[in-house]
Amino acid sequence: MVSNMEQMTTILISLGYAFALVLAAPLVSGIIKVSKARLQNRRGPSLFQVYYDLFKLLQKDSVVSPTTSWIFTCAPYIYFAGAFGAAALLTSGDLFALLYLLVAGRFFLALASLDAGSSFGGMGGSRELYISVLVEPVLLVTLLTVAARAGSTKLAAMSAAAASTPFSLPYIFAAVAFLIILVAETGRIPVDNPDTHLELTMIHEAMVLEYSGRRLGLIFLAAASKQLVFILLFTVLFLPWQSGGLSPVMVFFWLVVKVVLTAVALAVLETSTNKMRLFKVPGFMGLAGMLALLALVAQ
Amino acid sequence: MIGSVQVIPAATLRAAATVVCHGGLYRLTAMFANDERMINGSFAIYVLFFSKEDAAFKTIKAIIKQDDLLEFPSLTPLMAAAAWYEREIHDLFGLTPVGHPDLRPLVLHENWSQGRYPLRKDFEPDSVESGENIDYPVPPVQGKGVFEVPVGPIHAGIIEPGHFRFSQAGENIINLEAKLFFAHRGIEKAVEGLSFSKALFQTERICGACSVANTLSYVQAVESLTNTEVPLRAEYLRVLAAELERLYNHVGDIGNLCAGLGFAAGISNGSRLKEQLMRLNERLTGNRFLRGWITLGGVTMDITQELVQDIARLLAGITDELNDLLGLLRDNDAFLDRVNTTGILPQQAALDLGVVGVAARASGVDFDIRRDFPYAAYRSLSFHVPVYTNGDVAARLWVRADEAAESIKIIDQLLEELPNGKLTGELGSVEPYQAAFSMTESPRGSNLHWLMAGENNTIYRYFVRSASYPNWPALTVAVPGNIIPDFPLINKSFELCYACLDR
């Protein structure tokens with residue numbers, strides 16, 4: 001009975017975290033957008049523009065092509081559920097469960113991209129899977145570096161282990177590898193370009209071109225949430241200063257600072273270079289893979 | 001500018017063209033038809049050839065009697081450059097090029113009512129109705145894993161309509177078909193019967209980014225017809241307009257190219273510099289596209305000494321900033337990796353298709369009308385014509401960069417030497433049915449306007465061959481062999497104009 005109560009509490013707390021994360025995710029997207037605009041000499045949108053856009057989209061009707069099946073209509077919900085679930089698992093879940101949830105969401109979105117039979121969707125889906133085949137193994141190896149130290153794939157144990165030995169050599173290697181993964185997973189330059197209108201060059205955006213209205217809004221929200229999940233994994237596992245008897249308020253404060261700094265760093269990274277040729281991506285991921293392997297060996 | 005005209009019966013066109021082109025000295029520059037049934041009871045096909053070495057034009061005028069079969073032997077099997085011209089003649093005049101390998105409609109699309117030829121004199125524009133859709137077959141590419149990707153005619157950005165059909169295996173492009181002319185306006189028809197001065201307004205609006213080049217070609221053709229003397233100061237101010245147009249185009253295009261590969265710093269700097277130049281245009285003429293400056297016989301507005309200094313000061317700043325921007329690109333491996341060896345247009349293809357302008361000079365074709373057939377004040381200005389040989393996206397970028405720098409030097413030079421004098425000369429009159437043409441170098445390449453006068457200083461026939469016209473087919477040569485995500489980049493490096501086709 002008691003353990004049931006405890007489980008209930010854990011679940012409720014996890015859900016609370018997930019809600020908070022989903023609510024905060026568009027703000028992080030906004031910070032990246034504004035930072036990029038400033039770096040490009042533009043005034044840029046309001047920090048809260050992403051919220052306004054989501055609010056607008058979620059009220060709108062969705063146009064669905066008559067040639068699509070249930071996969072097209074359900075995929076945004078599955079994608080969002082995956083991101084939400086991953087967010088809920090961040091504090092008390094298992095690493096593999098978190099990754100599988102995200103991968104399941106991506107799988108359905110890629111299926112949906114083929115569903116409408118439009119050419120851009122198919123191109124987007126095939127490129128997304130091509131990139132993910134390269135990203136996912138590297139991501140696993142990178143995170144296993146931390147898991148090996150912790151002796152567990154529980155995220156709580158991993159963050160505790162990371163906090164106890166910050167900035168050791170393997171972690172630095174793994175951190176650089178993870179940063180590359182972060183760029184690829186969030187669809188940013190030099191792997192993808194989130195701001196382009198050129199369909200032929202798109203990866204993630206091409207996949208969701210057929211979507212509109214509230215389903216599109218849901219996909220945007222899920223993508224922003226997934227981005228925040230990755231940024232949080234990065235800050236908690238690879239920028240761990242927050243241990244050492246700080247009060248929960250201060251822990252939260254430093255977490256926010258680190259997330260904002262990571263977001264700004266992403267914007268700088270994205271402005272400082274151009275998109276690479278699609279077939280150069282394996283080399284880039286290979287670099288991350290080598291670093292991740294080195295990290296694991298050094299561990 | 002008239003050159004030698006050789007009049008022949010249409011049946012001997014191919015033989016005559018072979019003679020002119022023998023040895024490769026003369027190359028096809030333009031080809032168009034004229035309905036001269038009111039004058040002499042026949043249709044005429046005009047074929048213009050230009051030789052850089054001789055700095056001369058040769059024109060063949062092939063006559064088709066109105067009672068004969070309305071056909072002529074196609075030149076396309078001899079020279080690929082003739083393909084579009086002949087399809088256009090077929091669409092607009094109903095004259096059939098016999099032996100043409102591809103007579104699908106070009107200008108008029110599938111729903112045009114058959115048997116109506118808009119550029120014939122007896123065509124009534126008010127009575128046009130849509131016809132039944134006819135077939136427009138796109139050549140299929142077959143094989144395992146080959147997909148067709150249709151793109152357009154409506155695009156995501158604010159650009160004009162054009163349909164592209166890629167045949168791809170994986171990401172590799174095997175074939176590209178471009179279908180254009182979606183917004184044809186019939187300007188050539190609309191100006192028939194108008195006075196020269198009224199038609200000027202239509203000419204100036206054929207295209208935004210080449211307003212000056214189009215206007216200049218037109219007024220020079222009229223001035224040549226009417227033997228008008230243009231004052232020297234006006235000749236210099238015309239060059240100022242033409243070079244300011246080239247400058248804002250090239251600077252904007254360098255920035256735009258960066259959008260093809262997502263290089264944000266390049267995009268924003270390019271648009272900032274372009275904006276400065278367009279505001280200068282507005283100060284000079286009240287119009288960001290420099291419209292209303294060039295007129296028949298000269299120019300409408302003078303520039304003050306104060307403006308001369310302001311221009312020089314602004315251009316000095318632009319020079320520095322442009323060098324900074326180019327430095328960002330030249331020393332940037334990530335950038336060079338995208339542009340080097342991408343979208344190569346071989347020199348032979350450029351020659352065969354009669355490619356002009358930046359695209360030609362990036363593929364080793366050393367040809368610039370300003371130097372090789374000088375007009376306005378270019379005769380007395382010294383400048384360098386940059387030529388690159390790689391034919392890739394990078395080469396077209398560096399040609400633009402060098403030309404922009406050269407334009408600034410030309411402007412400095414002409415402001416220094418600016419002679420005093422009147423702004424306009426008196427327009428002479430012209431005998432009916434005389435013809436003349438003029439060519440200028442627009443930011444995109446040589447731009448040819450041909451004109452035949454009617455009664456009372458009006459236009460009988462007007463033909464416009466913009467720089468984009470011969471360059472569009474080159475795009476479909478440069479693209480196959482590249483991957484699909486590189487297409488926007490290659491397309492931007494050519495920077496072709498849709499409106500210039502849809503005149």
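Values for this structure:
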read-out	value
Single unsatisfied condition, B:Y46 versus (1) farther than 24 Å from B:P374 by Cβ; (2) in contact (Cβ under 8 Å) with a residue 24 or more places away in the chain	(1)
Matching residues, the range B:333-357, being without any contact (Cβ under 8 Å) to a residue 12 or more places away in the chain and either among the aliphatic types (A, V, I, L, M) or not in a helix (DSSP H, G or I) (or both)	B:A334
Enumeration of residues in the range A:1-44 that are within 13 Å of A:A88 (Cα to Cα) and not in a helix (DSSP H, G or I)	none
Residue, nearest to the chain's Cα centre (by Cα), within the range A:86-111, restricted to residues that are touching a residue at least 60 places away in the same chain (Cβ under 8 Å) and under 16 Å from A:Y211 (Cα atoms)	A:G105
Residue within the range A:250-261 that is without any contact (Cβ under 8 Å) to a residue 60 or more places away in the chain, within 16 Å of A:S132 (Cα to Cα) and aromatic (F, W, Y) present	no
Residues within the range A:55-102 that are of a type outside the set (S, T, N, Q), part of a helix (DSSP H, G or I) and within 18 Å of A:A18 (Cα to Cα), tallied	23
Check on A:Y130, assigned to a helix (DSSP H, G or I), within 14 Å of chain B (Cβ to nearest Cβ) and surrounded by fewer than 22 Cβ atoms within 10 Å (Cβ to Cβ)	yes
Segments classed as helices (runs of 4 or more DSSP H), wholly inside the range A:205-299, with at least 2 members that are over 26 Å from A:E136 (Cβ atoms)	A:213-238, A:248-272
Per-region count, the range B:113-146, residues at pLDDT below 85 and outside any loop (DSSP other than H, G, I, E, B)	4
Odd one out for B:R291 among (1) under 26 Å from B:V219 (Cβ atoms); (2) crowded, with 22+ Cβ neighbours inside 10 Å	(2)
Unique residue being closer than 30 Å to B:R238 by Cα and of a type in the set (A, V, I, L, M) when the list is B:I206, B:I173	B:I206
Residue in the range A:196-214 that is in contact with a strand residue (DSSP E or B) (Cβ under 9 Å, 6 or more places away or on another chain), facing chain B (nearest Cβ under 10 Å) and closer than 15 Å to A:M123 by Cα present	yes
Matching entry among B:A156, B:A183 (being facing another protein chain (nearest Cβ under 10 Å) and not acidic (D, E))	B:A156
Residue match in the range B:303-323 (condition: assigned to a strand (DSSP E or B), in contact (Cβ under 8 Å) with a residue 24 or more places away in the chain and more than 14 Å from every other protein chain (Cβ to nearest Cβ))	no
All positions within the range B:364-400 that are surrounded by 21 or more Cβ atoms within 10 Å (Cβ to Cβ), small (G, A, S) and out of contact with any Asp or Glu (no Cβ under 9 Å at 6 or more places or on another chain)	B:G391, B:A394, B:A395
Hey, A:V50 within 14 Å of chain B (Cβ to nearest Cβ) and under 22 Å from A:K258 (Cβ atoms) or not	no
Selected residue [within 14 Å of chain A (Cβ to nearest Cβ) and within 16 Å of B:A395 (Cα to Cα)] from B:D366, B:D331	B:D331
Condition met for B:P488 (in a helix (DSSP H, G or I), more than 14 Å from chain A (Cβ to nearest Cβ) and either in contact with a helix residue (DSSP H, G or I) (Cβ under 8 Å, 6 or more places away or on another chain) or not polar (S, T, N, Q) (or both))	no
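The values are calculated or read from the model by the stated rules, or taken from the named source; none is laboratory data. Quantities reported herein were computed from a predicted structural model and do not represent experimental measurements. In this analysis, Cβ positions are derived from the backbone assuming ideal geometry, glycine residues included, and neighbour counts consider all displayed protein chains.
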